[in-house]
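Working notes, structure below.
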Amino acid sequence: MGSRNGSGGAVPESAWDRALHLIRQSDEIALACHVTPDGDALGSMLAVAFVLRSMGKRVVASFGDRHFAVPRLLRFLPGQEMLVPPEDYPAAPELMITFDTSTFERLGLLSDNTARAREVIVLDHHPSNAAFGTLALIDAKAAATAMLAEQLIYRLGGRLDRDIATCLYAGLVTDTGSFRYPSTTPAVHQMAARLVAMGLRTDEIARELWDRSPFGALKVLAAALDRVTLEGGLVWTYITRVDRAAYGLPYAELEGIIDIVRRTDEAEVAVVLKEDDQGAWQVSTRSKGTVDVGAACAALGGGGHHNAAGYTSHDSVEDTMAALRRELGKV
Ligand code: AMP
Ligand code: MN
Ligand code: MN
């Protein structure tokens, strides 16, 4: 115990050694994170991109969204000039590293490139990770992929600077819910201290991430709350494309709604169905601890963690909720 901070915890030394070897012998390294990236996915990837670039590597970084755009919440992150759209990504990279990505499908448009890559290092903290690559650097106890990214950076001989620390901090603070979730161990706070010591304006980062939004986001939130339903220990609502279109609100702006819905004292599980631009339902689920929503979502083709998970549904709202209720009844 207590070794996660120092030695990488669940990741065997032999896996770190192999990762360092692969990285050192590669001139070009292709990085990818999961679609509709959150702070952990994009922050971890950009932090490592900075370090690889300073080692003299050619670096490309991307994520496989059909409409390639960095979510507004994350536009404050430095290093975005290293991002390329999926169509400019190497077709068959020699070496890829994936960040915060639990399944092949979560790579979206980049899944074919990944299938053709010679080596794929998977850096992740999802317990449900399918270990789809050729080398797994996975620690399911880590609060964020950013913790593994920091380890990788130190092992490569890299040093933190303000930009790298900003990216890693975005990952740490996002995935711990601002240091509120039970994953917030002493090692999390110790890492935060190292990052903040680089001169971060944590107040500005928090404001970018959570304390601002366009006016339309309030109106869409109002629509979501207007139709919120409490049934037994389940609280749920949905947001359609039409709700968003009225205010020109991008899908990514819906991320915070689950955090309001899940406050409900009477509910153990909270669910928000978000219709994306293609008309599919992206289902966000949260548990207060007794119900394993990760298992329920995995059974429905998605994944995640015990208390926070998701999946994609192509059924109606009614059918989606019926299937989810069935799975929640089993876990
Ligand atoms: P979200 O509700 O989008 O914030 O996602 C919560 C957790 O569920 C995250 O850890 C995601 O990695 C995971 N997750 C969300 N959507 C999916 C999906 N379609 N497939 C697999 N995992 C997902
Ligand atoms: Mn993520
Ligand atoms: Mn994560």
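Summary of computed values
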item	result
³J(HN,Hα), Karplus 6.51/-1.76/1.60, whole Hz, each residue of segment 110-122, x for Gly, Pro	8, 5, 5, 4, 5, 4, 8, 5, 6, 10, 10, 8, 9
Segment 203-331 - share of DSSP beta bridges that are antiparallel (%, nearest 5)	75 percent
Alpha-carbon Debye profile of segment 189-272, log10 I(q)/I(0) at 0.22 Å⁻¹	-0.98
Reachable aspartates and glutamates, given that their alpha-carbon falls under 14 Å from the alpha-carbon of Lys141 and they are not under 8 places away in the same chain	Asp100, Asp124, Asp175
Zone residues, segment 123-150, relative to Gln25, backbone N less than 20 Å from point 7 Å out along Cα-to-Cβ	123, 133-137
In segment 285-331, trypsin sites (Lys or Arg not before Pro) in a DSSP loop with at most 16 other beta-carbon atoms within 10 Å	Lys288
Mean separation of Cα contacts under 8 Å, 6 or more apart, over the residue count of segment 256-330: relative contact order %	24 percent
Anisotropy class of segment 174-331 from Cα gyration tensor, a/c 1.5 cut	oblate
Rh by Kirkwood over Cα pairs, then Stokes-Einstein D for segment 128-215 at 1.002 mPa s and 20 °C, µm²/s	153 µm²/s
Neighbour count of at most 15 Cβ within 10 Å plus DSSP loop: longest GluC sites (Glu not before Pro)-free window in the chain	95-265
Listed residue (Leu221, Val261, Met191) projecting farthest to the positive dipole end of segment 161-285, Cβ model	Met191
Expected 222 nm ellipticity per residue - DSSP helices of 4 or more, -39500 (n - 2.57), all of the chain, to 500	-11000 deg cm²/dmol
C-alpha center-to-center spacing [segment 67-107, segment 239-273] in angstrom	25 Å
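None of the figures in this text is laboratory data; all of them are computed from the coordinates on show. These figures come from a predicted structure and were not determined experimentally. Backbone-built Cβ (ideal geometry, glycine too); neighbour counts: all protein chains shown.
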